[in-house]
Every structure is written in C-alpha cells, then in structure tokens.
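K.L.:
The structure is given below, and queries will be raised subsequently.
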Amino acid sequence: MAPDPVDSASGRPDVSRSLSERLGEIVGSSHVLTDADAMAGYLTDWTGRWTGSAVAVVRPLTADEVAAVVGLCADEGIAICPQGGNTGLVGGSIPPADASTPAIVLSTARMTDIDEIDTVGRSVGVQAGVTLAALDARASSAGLRFGVDLASRESATLGGMVATNAGGTRMIRHGNTRSQLLGIEAVRADGQILRRWRSLVKDNVGYDVPGLLAGSEGTLAVITRVLVRLVPTTGATVVFVAAIDDVSVALALIDAVSDAGLTTEAAEIMTQAGVDLVHDHGVRRPVSSPAQFYVLLEVSGPHDAEDVVLQVLDGQPGVVDAVVEPGPARDLWLVRESHTESIARSTTTPVVKLDVSVPLRALPAAFAELAAIADDDDCRPILFGHVGDGNIHVNLLDVAEESVESLTDRVFRVVSAHGGSISAEHGIGRAKVAWTGLGRSAVDLDTMKAIKTALDPAGLLNPGVLFE
Ligand code: FAD
Ligand code: 2HG
Ligand code: ZN
C-alpha cells in the first residue's frame with residue numbers, strides 16, 4: 001500500500017485525507033463529505049442533545065459499496081456509525097464527540113431503490129435508505145401499506161426502523177417493525193454481505209438472524225436492504241378523541257370498542273399540558289372541555305361503526321366530552337402527532353426523552369408517579385404515548401444539564417419497580433446505556449455482549465451505543 005500523504009502544516013501523515021481519497025474511490029469523491037459545514041447536519045441528532053465528530057460522511061449507493069467501505073474501515077480501525085433519516089431520539093445515529101477511535105458516518109441517503117411489489121405474497125424489498133413515506137406511497141398503488149406508522153415518516157428510513165425496531169401508532173394492530181421483517185441483506189463488520197431473502201412466512205432453519213438485527217441499533221451490521229410484509233390499506237375507519245378523567249378510562253374504552261365488535265387500529269393518550277402546548281403552536285383543541293387526559297382511538301368495523309362508537313362513549317363512565325369523525329381525521333391526528341415537534345420548539349434546554357413501557361395494569365399508577373417526579377423538580381413534564389401498548393413518552397422540558405442524570409434515574413426506577421422497560425420503542429442509543437441493568441439480568445447482558453463480540457470483535461460498529 002502507498003504511504004499516507006503528509007499534512008503540510010504538521011508534517012505528520014495525513015491519515016484522514018488518504019482515507020477520504022480511498023473512500024472516494026469506492027463511492028465517488030462527491031459522496032465523501034469532509035468539510036465541517038457539509039457534515040454538520042449528519043453530526044447533530046434530531047433533539048439537538050447529541051453532537052459528534054467524524055473524519056468523513058460517506059454516502060454509498062449499493063451493498064457492494066457498503067461492503068467495500070466497511071472492509072476499508074476494518075483494515076484501518078475506523079469506527080462506523082450507520083445513519084438513516086437521523087430521526088432517532090436516543091443519540092444512536094451520531095458518532096461520539098470525544099471518541100478515541102476515529103469514525104465515519106455511513107449515510108444510507110442514496111440507497112432508495114424499491115423493488116416491484118409482490119401483491120400475492122404482500123411483500124416488497126427496499127433498500128435501507130427508503131423512507132417510510134416513500135414506501136407507503138409506492139405500496140398504496142397496490143392497495144397496501146407498511147404495518148408500522150410514525151410521525152417521522154417523511155424522513156425515517158426502513159433501515160433505521162429495522163435497526164431500532166420502531167413501534168409507532170399502529171403497533172397495537174400490526175406489531176412492531178421486527179414483526180414485518182421477512183428477510184434482510186446486511187454488511188457484517190468483516191465486510192461480508194449476509195443475505196437471507198425468502199418471501200416465506202414459515203422458515204425455521206436455525207436462528208432468526210433478521211430478527212436479531214432488528215433492534216441492534218447499528219451495532220451488529222450495516223443493513224443495506226430489507227424484505228418486509230405489507231398490509232392492506234384500512235378501509236373506512238372512525239377516529240374519536242375523548243376527554244377523560246383517568247388513564248383507566250382509556251383502557252376501558254379499548255376493551256369496550258373491542259367488545260362492541262370493532263377493531264382498534266390505534267390507541268393514543270395525551271394530557272391537558274400536551275394538548276395546551278400543541279394548541280400554542282397553532283393546532284386546534286380536539287374538544288372544548290378541559291380534562292386531565294385525552295384518548296384518541298381509531299377503529300374499523302362494519303359501516304355503522306360510528307353509531308357503535310357513539311353508543312360505547314355514551315355507556316362509558318369517566319368520559320367528560322368527545323368528538324367523533326370519519327377517518328383518516330388528520331385534524332384529530334395532528335393533535336397527537338404534533339407533540340414531538342411542539343416540544344422541541346418549546347424547551348429551553350434539549351428535551352429529556354424517556355420512552356418507557358409498563359404492564360397495562362400498572363399504567364394509571366405509573367402515569368401518576370412519573371408526573372409527580374417531574375412536578376417535584378424544576379422542569380415541565382409532557383407525558384403522552386401509545387396507551388394500548390403501555391408505552392408512555394415522558395418528555396421533560398427545561399431540565400438543567402446537572403439534573404438530567406438524576407431525573408432519568410428516578411423515572412427509570414419507577415418504571416422498573418412496575419416491571420416495565422426503560423426503552424419501549426426508541427432503543428438504548430447513547431442516552432440509556434448506563435441503565436441497561438434495569439430490566440436485563442447480568443447473564444442476559446452477557447449474552448448480548450457475546451453476540452456483539454462474535455460479530456464485531458474489534459468493536460467498530462457504532463461504539464458507545466447499547467454497550468459502554
Ligand atoms: P436514524 O435516526 O438514522 O438511526 C437510528 C439508529 O439506527 C441508529 O442507532 C443508527 O446507527 C441505526 N441505523 C440507521 N440506519 C441503519 C442501517 N441501515 N443499518 C444499521 N443501523 C442503522 N420511533 C418509534 O419507535 N415510534 C414512533 O412513534 C416514533 N415517532 C417519531 C416521531 C418523530 C417526530 C420523531 C422525530 C421520531 C420518532 N420516532 C419514533 C423515532 C425515529 O423516527 C425512529 O427510531 C426511526 O426508526 C429512526 O429511523 P431513522 O432512519 O431516522 O434512523
Ligand atoms: C411518538 O410516539 C414518538 O410520537 C416520539 O415515539 C415520542 O417525542 C416523543 O417522546
Ligand atoms: Zn412513540
């Protein structure tokens with residue numbers, strides 16, 4: 001190999017320049033960004049809490065190019081931070097700022113191919129950088145859609161959704177991203193391309209490798225292509241928002257619509273503080289009566305579904321007020337989906353986002369205890385979430401930097417005491433590494449570490465994410 005060029009200022013070998021040249025030979029020099037301004041957007045996360053440093057941002061087009069980039073990084077001891085839409089909320093898509101190992105960001109932004117849809121098997125293969133919105137737009141021409149939906153749909157990619165095992169608002173109906181996964185193509189840390197690609201719903205030849213990569217947060221392989229199920233687009237639906245005085249009423253409504261023969265497509269919860277906040281940002285109030293909580297349900301069923309909903313609401317104690325609309329009722333959904341953006345625009349310090357879940361029976365108590373923690377401290381809490389999945393998004397605004405760790409710890413201990421999870425759907429990233437021992441035993445963590453070490457012995461895939 002030719003010697004590294006020498007940096008004229010320092011006289012030392014300019015490793016980064018020679019690396020960027022070699023990366024350019026693989027992906028084309030215009031797809032290797034090294035200029036600070038050009039890299040800036042790739043080095044700060046969606047919340048603004050995490051910023052990182054990298055020797056380059058590399059934007060390959062094909063799995064072969066990804067394999068060559070990963071192989072070069074393996075030879076040179078360069079760490080790789082895979083990045084899709086950079087909408088992750090736990091800092092996993094950004095390399096660390098103070099890393100001892102130099103890193104690149106491997107962006108899938110150019111990997112946007114969508115295969116022909118298999119309308120018989122209801123599946124499609126897509127490259128990792130395809131956004132959820134692009135996939136849904138293509139699938140809708142066949143009367144189909146992806147079973148997972150997120151408010152970040154315009155930017156979140158299928159690679160990122162698989163890597164985080166994203167949940168979202170349709171989880172109660174179709175499951176999480178892992179449940180949609182039929183096959184995967186991914187580049188291992190040694191640069192080899194792993195391909196398991198069969199449109200089979202039954203295929204028990206050994207370990208579920210695609211399932212293992214789902215939720216691996218870029219620590220086991222770089223996902224280049226995924227084969228996913230599609231579901232039929234829902235026909236007529238009814239959406240309602242009910243103002244309620246207790247979380248238990250939301251759970252009772254989910255049971256009541258099901259007992260009445262309707263199918264729950266989504267079940268979300270918001271609080272008065274959250275509805276007030278999005279209203280401050282120009283979103284209508286769903287109902288005029290104030291209440292402690294608001295539950296949004298989308299249901300499908302026979303054509304008299306709206307009448308059935310009205311009867312259910314009428315017979316449900318604890319419903320203060322309600323509004324019922326035929327789906328898709330984007331105006332009602334906007335109240336729920338505007339929470340994350342409105343919070344980001346309202347907090348004076350980067351928001352502390354703690355995405356947790358508890359068993360349904362513990363949900364009312366956990367809500368009260370979590371709100372009390374925040375009230376105790378000098379910060380503004382906004383709680384909302386996917387109530388049917390026991391998933392609460394605890395957002396703490398205006399938290400002083402020195403209080404972040406102690407508040408996080410208090411929230412996680414409440415959740416853990418209820419037998420809950422410190423990460424319902426966003427993953428561990430960099431934000432929650434210190435707390436993985438809550439809810440995972442030492443042997444469990446050791447098993448995860450053994451898998452990580454087997455697949456990435458040099459620890460070059462997203463170091464600092466998921467493990468210390
Ligand atoms: P990124 O943010 O780029 O990366 C996320 C993680 O995946 C990182 O660890 C990264 O290294 C890894 N990764 C990305 N691409 C690859 C790849 N090709 N191979 C290997 N690893 C990779 N999440 C939910 O679960 N449910 C929600 O309802 C939800 N709603 C959201 C709403 C808003 C407004 C926002 C901003 C975020 C929301 N999220 C939600 C979080 C986020 O959108 C998801 O985690 C999403 O799956 C991330 O996709 P991405 O392409 O942006 O991934
Ligand atoms: C959602 O459900 C996302 O909208 C984001 O998971 C949650 O902003 C959050 O805390
Ligand atoms: Zn969510």
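Every read-out reported here was derived from the displayed coordinates using simple, explicitly stated rules and does not represent laboratory data. Note that the structure is predicted; figures quoted are calculated from it, not measured. Counting neighbours? That spans all protein chains shown, and the Cβs are built from the backbone with ideal geometry, glycine included.
K.L.:
Is the stretch 347-443 best put as rounded, prolate or oblate by its Cα gyration tensor, with a ≥ b ≥ c the root eigenvalues, rounded for a/c under 1.5, and otherwise prolate when a/b is larger than b/c, oblate when not?
P.N.:
Taking the square roots of the gyration eigenvalues as a ≥ b ≥ c, the stretch 347-443 is oblate.
K.L.:
With a cap of 15 neighbouring Cβ atoms within 10 Å, and only residues DSSP puts in a loop, list the trypsin sites (Lys or Arg not before Pro) found in the stretch 173-215.
P.N.:
When the trypsin sites (Lys or Arg not before Pro) of the stretch 173-215 are filtered for loop state and at most 15 Cβ neighbours within 10 Å, Arg198, Lys202 remain.
K.L.:
Mind listing the phi-derived Karplus ³J(HN,Hα) values for the stretch 231-245, rounded to whole Hz, using 6.51, -1.76 and 1.60 with θ = phi - 60°, and x for any glycine or proline?
P.N.:
10, x, 4, 5, x, 5, 10, 10, 10, 9, 10, 10, 7, 10, 9
K.L.:
Same structure, new question: For Lys432, go through the lysines and keep the ones whose alpha-carbon is under 19 Å away, minus same-chain ones fewer than eight residues off.
P.N.:
In chain and number order, the partners are Lys353, Lys449, Lys452.
K.L.:
Can I ask one more? May I ask you to evaluate 6.51 cos²θ - 1.76 cosθ + 1.60, the Karplus curve with θ = phi - 60°, for each residue of the stretch 452-457 and list the ³J(HN,Hα) values in order in whole Hz, giving x for glycine and proline?
P.N.:
4, 5, 5, 8, 9, x
K.L.:
Now for a different question. Between 0 and 90 degrees, rounded to the nearest ten: what's the tilt of helix 63-76 against the longest Cα principal axis of the chain?
P.N.:
Long axis of 63-76 versus the principal axis of the chain: about 60 degrees.
K.L.:
For Gly91, enumerate residues with amide H under 5 Å from its amide H, sequence gap 5+ or separate chain, H modeled in the peptide plane.
P.N.:
Hits under the 5 Å cutoff: Arg430.
K.L.:
Quick check: Cα centre of the stretch 415-468 to Cα centre of the stretch 290-351, how many Å?
P.N.:
34 Å
K.L.:
Can you find, among Trp50, Gly71, Ser20, the residue sitting farthest towards the positive end of the charge dipole of the stretch 15-107, where Lys and Arg contribute +1 and Asp and Glu -1 at Cβ?
P.N.:
My answer, from the dipole projection, is Trp50.
K.L.:
Moving on to the next point. Once a ≥ b ≥ c are taken as the square roots of the eigenvalues of the Cα gyration tensor of the chain, is the result rounded (a/c under 1.5), prolate (a/b larger than b/c) or oblate (a/b not larger than b/c)?
P.N.:
Here the chain falls in the prolate category.
K.L.:
While we're looking at this one, here's another question. Which residue, Leu313, Val238, Val414, has the largest displacement toward the positive end of the dipole of the chain when charges sit on each Cβ (Lys, Arg +1; Asp, Glu -1)?
P.N.:
Farthest towards the positive end: Val238.
K.L.:
Per DSSP H run of at least 4 residues, take -39500 (n - 2.57); add these up for the chain, divide by its residues and hand me the 222 nm value, nearest 500 deg cm²/dmol.
P.N.:
Result for the chain: -9500 deg cm²/dmol, rounded to the nearest 500.
K.L.:
Separate question: Sort the following peptides by mean Cβ neighbour count (other Cβ atoms within 10 Å, averaged over residues), highest first: 111-118, 338-345, 420-427.
P.N.:
Peptide ranking by packing, descending: 420-427, 338-345, 111-118.
K.L.:
Another question, if that's okay. Select from Val187, Ser123, Gly159 the residue farthest towards the positive end of the dipole of the stretch 123-232; place +1 on Cβ of Lys and Arg, -1 on Cβ of Asp and Glu, and compute about the Cα centre.
P.N.:
Highest projection toward the positive end goes to Ser123.
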